[in-house]
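The values are calculated or read from the model by the stated rules, or taken from the named source; none is laboratory data. Just so we're clear, the structure is a prediction, and the values are computed from it rather than from any experiment. Ideal geometry is used to build each Cβ from the backbone, glycine not excepted, and the neighbour counts take in all protein chains shown.
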Amino acid sequence: MNPIRLALVGLGKIARDQHLPAIAATEGIDLVAVASRNARLDGVAHFATLADLLASGEAIDAVALCTPPQGRHDLAAQALMAGKHVLLEKPPGATVSELGPLVAAAQASGRTLFATWHSRFAPAVEPARAFLAEVAPRGVRVTWKEDVRVWHPGQRWIWEPGGLGVFDPAINALSILTAILPRPVFVTGAELSFPSNCAAPIAATVAFADADGLKVQADLDFLQTGPQSWDIEVDTDRGTLLLAKGGAELSLDGQVLSAQPEAEYRNIYRRFVELVQTGGSDVDLAPLQLVADAFLLGRRLDVAPFHD
Ligand code: NAP
């Protein structure tokens, strides 16, 4: 089979940090074009917008959308209508309901739609899921605290409607949680702290439960200086399971069970190639639904304005 000819749309932080090296390292897919208003890559065809690229007749088979979530639906719809396979960065959209028509369009055109959750490809996630399939969780604490000024400098879109604020990183925790727990969880309460000059929260606490009464508590903060925390702790009858560093390391009562090198985006592209070759799609909206429900049920607290 010929390699998939891919165009990257939105050549920003994640496209440069992760997508470019992962594409270069993956068999069966080649980067042939970039659509980005303000950035270009030497040796690769450049277009300001996806519409310009599609109108140009440049031969591509697929697009990877690395733009902010607001506007991603329109880009995905354009690409599917033009008969291209589509890879979506997380979160897959700015709303849950906009994804239904995209899934239908992909089905109708026989193209692949892949809503990626990069944290699910972190190396200790599958060992954690396998452990919790055998040993029942008794209680769960999610601590996702990072410094937005370090990880998202100057990204205004994060504070706009649909940008998710602290849920932009925290949805990664929810993508892991929904992959490792034996049963689906639902939101039972939330408090969301909105800076007075922002349309998205800078901190939140969210409580979840499952049908068997398991309780999950999430503590999310975007103003964490010093050590950063991307941890999920699970109490079990065998001890406390700690999935640390965003899914990279797994330990039980301090004893390391799994610590493999990170390969999240290589695994994403390997899976994309496999989906295109087999004619499949992969769209799981559970993490985005939980964020939407936290916004639905959450009590809003007004806090100090945020400035980069
Ligand atoms: P970013 O650095 O702001 O890059 C996004 C790019 O999209 C920009 O460089 C911009 O390129 C293009 N763009 C198109 N329309 C835009 C608009 N209305 N506002 C701003 N940029 C626009 O963002 P990012 O960190 O790469 O994040 C992009 C997506 O990847 C987000 O959904 C994020 O959640 C996800 N993600 C980010 C990270 C991370 O660590 N940063 C990790 C995993 C996933 P042009 O101006 O050249 O068009």
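When region 49-91 is filtered for residues that are under 21 Å from Ala170 (Cα atoms) and either in contact with a helix residue (DSSP H, G or I) (Cβ under 6 Å, 6 or more places away or on another chain) or of a type in the set (Phe, Trp, Tyr) (or both), the ones remaining, listed by number, are Leu65, Cys66, Pro68, Leu87, Pro91. Being assigned to a helix (DSSP H, G or I) and within 19 Å of the chain's Cα centre (by Cα) is not true of Asp284. Taken over region 222-281, the criterion of being among the polar types (S, T, N, Q), within 30 Å of Gly83 (Cβ to Cβ) and crowded, with 16+ Cβ neighbours inside 10 Å is satisfied by Asn267, Ser281. Every condition in (1) over 15 Å from Gly298 (Cα atoms); (2) within 16 Å of the ligand (Cβ to nearest atom); (3) surrounded by fewer than 19 Cβ atoms within 10 Å (Cβ to Cβ) holds for Ala199 except the one numbered (1). Could you list all residues from region 178-196 that are of a type in the set (S, T, N, Q), surrounded by 16 or more Cβ atoms within 10 Å (Cβ to Cβ) and out of contact with any helix residue (DSSP H, G or I) (no Cβ under 7 Å at 6 or more places or on another chain)? Matches in region 178-196: Ser193 only.
Ala199 falls short on exactly one of the conditions (1) closer than 19 Å to Ala292 by Cα; (2) modelled with pLDDT under 95, and that condition is (2). Answer yes or no as to whether Thr143 is farther than 21 Å from Gly93 by Cβ and more than 16 Å from the ligand (Cβ to nearest atom). Spelling it out, Thr143 is indeed farther than 21 Å from Gly93 by Cβ and more than 16 Å from the ligand (Cβ to nearest atom).
Residues considered: Ala55, Ala15, Ala79, Ala22. Of these, the only one that is more than 16 Å from the ligand (Cβ to nearest atom) and assigned to a helix (DSSP H, G or I) is Ala55. Out of Glu126, Glu160, Glu134, which single residue is acidic (Asp, Glu) and within 10 Å of the ligand (Cβ to nearest atom)? When all the criteria are applied, what remains is Glu160. Scan Val234, Val256 and give me the residue that is without any contact (Cβ under 8 Å) to a residue 12 or more places away in the chain, in a strand (DSSP E or B) and farther than 30 Å from Gly100 by Cα. Residue meeting the stated conditions: Val256. Considering only residues that are surrounded by 20 or more Cβ atoms within 10 Å (Cβ to Cβ) and over 21 Å from Leu296 (Cβ atoms), look in region 82-105 and name the one that is nearest to the ligand (Cβ to nearest atom). Applying the filter and picking the extreme gives Glu89. When you look at Ala39, is it among the aliphatic types (A, V, I, L, M), near the ligand (Cβ under 9 Å from one of its atoms) and at pLDDT 95 or above, yes or no? Yes: the conditions hold for Ala39.
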